[in-house]
Amino acid sequence: MAAAGSLVTDAVVSSALEGRIAVVTVNYPPVNALGAAVRQGVSLAITQAEQDAAVGAIVLVCEGRTFFAGADITEFGKRMIEPSLRAMLAQIENATKPVIAAIHGTALGGGLETALVAHYRVGVPSARVGLPEVNLGLLPGAGGTQRLPRVIGVEKALDLMTSGALLAAGPALTMGLFDELVEEGELRKGAINFANKVLDERRPLVKVRHRSGKLDEARANPKLFTDFRKANAKRFRGFKAPENIIRSVEGALQLSFDEGMARERELFDELLQDSQSAAMRHVFFAERQAAKIDDVEPDTPTLPIAKVGVIGAGTMGSGIVMNFLNAGIPSVIVETKQEALDRGLGLIRKNYENTAAKGKMKAEYIEIRMGLLTPSLALEDLADCDLIIEAVFENINVKKEVFAKLDKIAKPGAILATNTSYLDVEVIAAATSRPASVIGLHFFSPANIMKLLEIVRTNYTALPIVATAAKLAKTIGKVGVTVGNGFGFVGNRILAARDREVNKLLLEGATPSEIDRVLYEFGFPMGHLQMRDLVGLDVGWDRETSASSTVREILNEMGRHGQKSGGGYYDYDEQRNPTPSPIAAKVIADFAANQGVAQRNVSEDEVRDRVLYAMVNEGARILDDKIAVRASDIDIVWITGYGWPRYRGGPMFWADLEGLPKILARLKELEAAHGADFTPSPLIERLVSEGRGFVERQ
Ligand code: 3H9
């Protein structure tokens, strides 16, 4: 090989000559986003390589953990610095010398779009590619919607772009997206070899824009788009980006390439200016922010978690332990009775079998995962666990008793965690001689699926315990949000505020369907009362102390426990479809009469304001009480744990969009009509007087 010569050297983009090949290397940590410095550097390097007679072909490669992770999201909404991404891509596509994209890590969004304008693509086997702009409420706006369908076909491209899913290198090679895979760790060398081959074989400058075979295949199926829309209607409900993606791909079939690009740009700009994208970009950063805990430093020690114990094999305990089995961590699950233990193990196995049957897990993993689990009837078997999570009945005395016993059994230094959803973790910790080792790990049902983990720290919890919990959340694929110790923490405290308001509305005459419709149309997967029926009205209900003092208690006393018993706030058929329930309506009306509440017609607007503003006000009080450290953490809790629509950014971001002055004025009206539940939180008053919002916008 001829001596390497340096063409351009810059901290961000450098270029070196390896024989006939100009290797353009980008180094823009952490993820090589295509910010202005990168675009300028790449553009200059391509120009110079084009002008240099010694250069036959160009390899574009990135340093660090990944190929380009996409456009620089922090630049959106700011003045664009030339060259634009689209201009840089046009320059690559129109280069007179072959450009080879050399891909490792994840080529995402604008990153994959860059690869798609190169004339050839090589990658290492661990590389993955995708167009996840949909997760930011956007569409691939630098040619992705026009080029990806031309390479992998319209249906597959629609699937990838509307889901944001990634494609592994193997399938990408089969589909023709990669031209060659090269040895892991040898990308640069492999790409240079490939480039030399292109030159030796005088291969042409292949442009994706000229491919039409896959589009012709799609044109043969005129129902493709209608079917795709129909099949995904539920998933796309209320969310604009998927529809714009579909329309942009329709453009690829109906228009010339350049017209298709212009259509894509229009549809992209429309999304970029929409509040849904602003909300989703907020969520992107908020999720990463949530992982940062103010007093945890990179050098804060964490404890190794090699073995986990879970107490309780009910729905919650079984779901919790699956997280650790999935992560390959040996675990013990303890119950008091053999029957309950067997039921729990059955639940776990069935869950794995269903996952395998759906093709989402290889069948051999069922035994591998079950093999990591030790069932036990003795708390003593938890003695060598590094972390023990209690998931027993939600009663403070029961929990205190369990922790007092654990204190005697657990090894020194073990983390003792409670999965309580409302109770005081400090009181539970006080039942032990080591409150510094006690923490709340609040999982959400179904615990093996739901992304959220509330990490509840008390005044006593030691910092390494908090840091370990945050790290563990990542290990098991959860979004960990660290919160303070107070009734219901963040999520359930806001849920309780919503519940309180929903119950008042029911008595005043709004029907379950009317209340739920408002929430469903707002974008929640289901309404509040449907959710209550689904979870079960008897969860947390104590038969012994039940005194017909709420509608829910009365429904429970009547055996109406929700979906599973055929009725709750709604009636259910065999398929569990809800219909309005005359029985529940009578219970509510009688109860209202008993309480002296006159029933009336309640407007949808009133339902909306009362339910949503009560939640926002409670969120503000949570900030006042320092139970959450940032408004964006509350947003993440409600998005990942309670189905708040991601495209509305969470309750606090949504409140900013709605306008805090408007919310404050309405809260005052509601306070006058309904009392102290609506007294505006001091934080809202303060923010309005300062002309600020909850969330500092990016
Ligand atoms: C696009 O391309 C539009 C085009 O189609 C059209 C344009 C006209 N920009 O996630 P991590 C930051 S839209 C700026 O913790 P990981 C991130 O905030 C883009 N910053 O690492 C974090 O910062 P901090 C389409 C970005 O290893 C740090 O990098 N692309 C960007 O777990 C580390 O991130 C996407 O949507 C960005 N594009 O995961 C991909 N990406 O350290 C978005 C990340 O201050 N990115 N940062 O908290 C990802 O999915 C993940 O970051 C990735 C790495 C998988 C790459």
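The values are calculated or read from the model by the stated rules, or taken from the named source; none is laboratory data. Note that this is a predicted model, so its numbers are computed, not measured. Cβ atoms come from the backbone with ideal geometry, glycine included; neighbour counts cover every protein chain shown.
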Legend entry - Residue list for region 662-697, restricted to those being part of a loop (DSSP other than H, G, I, E, B), farther than 19 Å from residue 602 by Cα and not aromatic (Phe, Trp, Tyr): 679, 680, 681, 691, 692, 693, 695, 696, 697
Legend entry - Some residue of region 375-385 being in a helix (DSSP H, G or I), surrounded by 17 or more Cβ atoms within 10 Å (Cβ to Cβ) and over 34 Å from the mean Cα position of the chain (by Cα): yes
Legend entry - Filter result (of a type outside the set (Lys, Arg) and either closer than 30 Å to residue 634 by Cα or within 14 Å of the ligand (Cβ to nearest atom) (or both)) within region 251-270: 261, 262, 264, 266, 267, 268, 269, 270
Legend entry - Residue in region 649-661 that is in contact (Cβ under 8 Å) with a residue 40 or more places away in the chain and not in a helix (DSSP H, G or I) present: yes
Inset, instruction - Could you check, for region 85-92, whether at least one of its residues is among the hydrophobic types (A, V, I, L, M, F, W, C), surrounded by fewer than 20 Cβ atoms within 10 Å (Cβ to Cβ), away from the ligand (no atom under 12 Å from the Cβ) and outside any helix (DSSP H, G or I)? - result: no
Inset, instruction - Of all residues in region 32-77, count the ones that are touching a helix residue (DSSP H, G or I) at 6+ places or on another chain (Cβ under 9 Å), aliphatic (A, V, I, L, M) and farther than 16 Å from residue 131 by Cβ. - result: 10
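Within region 122-133, track down each residue that is touching a strand residue (DSSP E or B) at 6+ places or on another chain (Cβ under 6 Å), away from the ligand (no atom under 15 Å from the Cβ) and touching a residue at least 60 places away in the same chain (Cβ under 8 Å).
122, 123
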Legend entry - Scan of region 213-240 for residues that are surrounded by fewer than 16 Cβ atoms within 10 Å (Cβ to Cβ) and either under 26 Å from the mean Cα position of the chain (by Cα) or among the aromatic types (Phe, Trp, Tyr) (or both), ordered by number: 229, 230, 231, 233, 234, 235, 237, 238
Legend entry - Those helices (runs of 4 or more DSSP H) lying entirely in region 134-240 with at least 1 residues within 16 Å of the ligand (Cβ to nearest atom) and assigned by TED's automatic domain parsing to the domain that holds residue 93: 144-152, 154-163, 169-174
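Looking at 308, 321, 283, 332, which one is within 16 Å of the ligand (Cβ to nearest atom), buried (at least 22 other Cβ atoms within 10 Å of the Cβ) and at pLDDT 95 or above?
After applying the criteria, what remains is 283.
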Inset, instruction - Could you please let me know if residue 79 is more than 20 Å from residue 108 (Cβ to Cβ), within 16 Å of the ligand (Cβ to nearest atom) and part of a loop (DSSP other than H, G, I, E, B)? - result: yes
Inset, instruction - For region 271-280, indicate whether the set of residues that are surrounded by fewer than 16 Cβ atoms within 10 Å (Cβ to Cβ) and either among the charged types (D, E, K, R) or farther than 24 Å from residue 638 by Cα (or both) is non-empty. - result: yes
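Is at least one residue of region 612-619 touching a His at 6+ places or on another chain (Cβ under 9 Å), under 25 Å from residue 512 (Cβ atoms) and among the β-branched types (Val, Ile, Thr)?
The answer is no, given that none of the residues of region 612-619 is touching a His at 6+ places or on another chain (Cβ under 9 Å), under 25 Å from residue 512 (Cβ atoms) and among the β-branched types (Val, Ile, Thr).
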Inset, instruction - Scan (1) closer than 24 Å to residue 536 by Cα; (2) part of a loop (DSSP other than H, G, I, E, B); (3) of a type in the set (A, V, I, L, M, F, W, C) for the single condition residue 398 breaks and write down its number. - result: (2)
Legend entry - Scope region 528-555; condition under 27 Å from the mean Cα position of the chain (by Cα) and of a type in the set (D, E, K, R); matching residues: 532, 533
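This table checks each residue for (1) of a type in the set (Asp, Glu); (2) over 16 Å from the mean Cα position of the chain (by Cα); (3) not assigned by TED's automatic domain parsing to the domain that holds residue 448.
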{"residue": "273", "(1), (2), (3)": "no, yes, yes"}
{"residue": "284", "(1), (2), (3)": "no, no, yes"}
{"residue": "288", "(1), (2), (3)": "no, no, yes"}
{"residue": "295", "(1), (2), (3)": "yes, yes, yes"}
{"residue": "298", "(1), (2), (3)": "no, yes, yes"}
Inset, instruction - Inspect region 633-640 for any residue being touching a Lys or Arg at 6+ places or on another chain (Cβ under 6 Å) and among the polar types (S, T, N, Q) and give the result as yes or no. - result: yes
Inset, instruction - Just give me the residues in region 241-264 being surrounded by 12 or more Cβ atoms within 10 Å (Cβ to Cβ) and outside any helix (DSSP H, G or I), in sequence order. - result: 255
Inset, instruction - Please find, among 22, 53, 11, 45, the residue that is buried (at least 19 other Cβ atoms within 10 Å of the Cβ) and not in a helix (DSSP H, G or I). - result: 22
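Against the condition free of Cβ contacts under 8 Å to residues at least 40 places away in the same chain and in contact with a helix residue (DSSP H, G or I) (Cβ under 8 Å, 6 or more places away or on another chain), how does residue 175 come out, does it pass?
yes
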Inset, instruction - Please give the number of the condition residue 65 fails out of (1) near the ligand (Cβ under 9 Å from one of its atoms); (2) surrounded by fewer than 19 Cβ atoms within 10 Å (Cβ to Cβ); (3) under 16 Å from residue 45 (Cα atoms). - result: (3)
